[in-house]
Every structure is written in C-alpha cells, then in structure tokens.
Amino acid sequence: MVAPMTRALPSPTGFAAPALAGLGVLMLAGALAFQHIGGLAPCALCIEQRKAWAAVIVLALLAIAAGRLGWRRAATAGLVLAAVAALTGAGVALFHVGVEQQWWPGTASCGAGFETFGQGSVADMRERLLARPVVRCDEVAWSMLGISMAGWNGLIALAAGLAGLWTVKRDFSARKPGR
C-alpha cells in the first residue's frame, strides 16, 4: 500500500533565502577568483565586504533550515537578518567607493596617510611600515563601465538586501485577513 503524499507548507522564505545564500557564495567565489586568479589582493574594506557576504550566507542558510523545520518566525527572522547583512555590505561598499573617489578619507586600516611620520624611533617607524596594509583602499584596482569592483559589489548587495526585505513585506501583506 502506498502512503498518501502530503504537501508540506511552503517555506516562509520561499526562494529568497536560497537565492541570497547562492548569491553570497557566488560573490565570495568571484572575490576569491579576482584575488587568486586575477592577482588583485583585497584591501581592508574589501575584506569587510566579504565578511558581510559571509554573514548573508550563514543567515540565509539558517533561514532555510528553520523553514524546513517549520519554524516560520525563525525562518522569516533569518531572512530579514540576511537581507540586513546584505544592506550592511552595500553600506561598506558605498563607503569604499567614496574612499576610492577621494570623497572622504579611509579608515586607519586602509593604509592612507603618514600622520605619524617622523614620530618615535626608527624601530617604531619600521614596525608601523611593516604593519601597514600593502593594498590601499583609495585606489581602484579594477573597474567595468566606469564602476569599480566595490561599486558593483555595492549595487548587487543593495539589490539583494532590498529584494530580501521586499519578499518579507510581500509575504506579510499576503497573510493579512481580507487579502
């Protein structure tokens, strides 16, 4: 005798959480390809953007797992947090673009400036120079159509984050009585 098939409730994250996780994997793979195949070492702000994508992946995977376990609120929360992580990455990318365009100074870890030049001993200066990042945040290493890698990353992260939040809003609107 064949058991009747039961339909599981659709995941509250729908296609959005898998899409965010997949996009995060693609973005990190692309960044690593640019680094290891293309020879473009990341700057400090590039690393921060990678951390945001890693958070997107982890949070989206948690949302998927929660959805499969039937934990609708946890799945929705995971999707919201993944979208917020993407938007955070977009913010870091926007800041990076501003540093590249000389609109504002970078962070201390960006390798900009010699504010302490001439202060301290020669050994102190040597240590500071060796500790400095090799890659500067205020130089565009690669661009396409006049948009830097940080710019493209920011646009993609912004679209991903907004799409994730839109999905949650759409799903909440669809659950309201009378719709």
Worksheet, complete the sentence: Out of (1) over 26 Å from Ala174 (Cα atoms); (2) touching a helix residue (DSSP H, G or I) at 6+ places or on another chain (Cβ under 6 Å), the one Lys51 does not meet is (2)
Practice prompt. Go through region 32-57 residue by residue and tally those that are assigned to a helix (DSSP H, G or I), without any contact (Cβ under 8 Å) to a residue 24 or more places away in the chain and more than 11 Å from the chain's Cα centre (by Cα).
Written response: 4
Worksheet item: Within the bounds of region 94-111, is there any residue that is of a type in the set (Gly, Ala, Ser), assigned to a helix (DSSP H, G or I) and at pLDDT 85 or above?
Response: yes
Worksheet item: Just a yes or no: is a residue in region 115-129 crowded, with 16+ Cβ neighbours inside 10 Å and either of a type in the set (S, T, N, Q) or modelled with pLDDT of 70 or more (or both)?
Response: no
Discussion item. Restricting to region 13-25, name every residue that is crowded, with 16+ Cβ neighbours inside 10 Å, in a loop (DSSP other than H, G, I, E, B) and not β-branched (Val, Ile, Thr).
Written reply: Gly14
Worksheet item: Taking the condition under 18 Å from the mean Cα position of the chain (by Cα), among the hydrophobic types (A, V, I, L, M, F, W, C) and at pLDDT 85 or above, does Ala66 pass?
Response: no
Discussion item. Can you say whether Leu28 is closer than 14 Å to Ala157 by Cα, touching a residue at least 12 places away in the same chain (Cβ under 8 Å), in contact with a Gly (Cβ under 8 Å, 6 or more places away or on another chain) and surrounded by fewer than 20 Cβ atoms within 10 Å (Cβ to Cβ), as far as the supplied structure shows?
Written reply: no
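The values are calculated or read from the model by the stated rules, or taken from the named source; none is laboratory data. Computed from a predicted structure; not experimentally measured. FYI the Cβ positions are ideal-geometry reconstructions off the backbone, even for glycines, and counts take in every protein chain you see.
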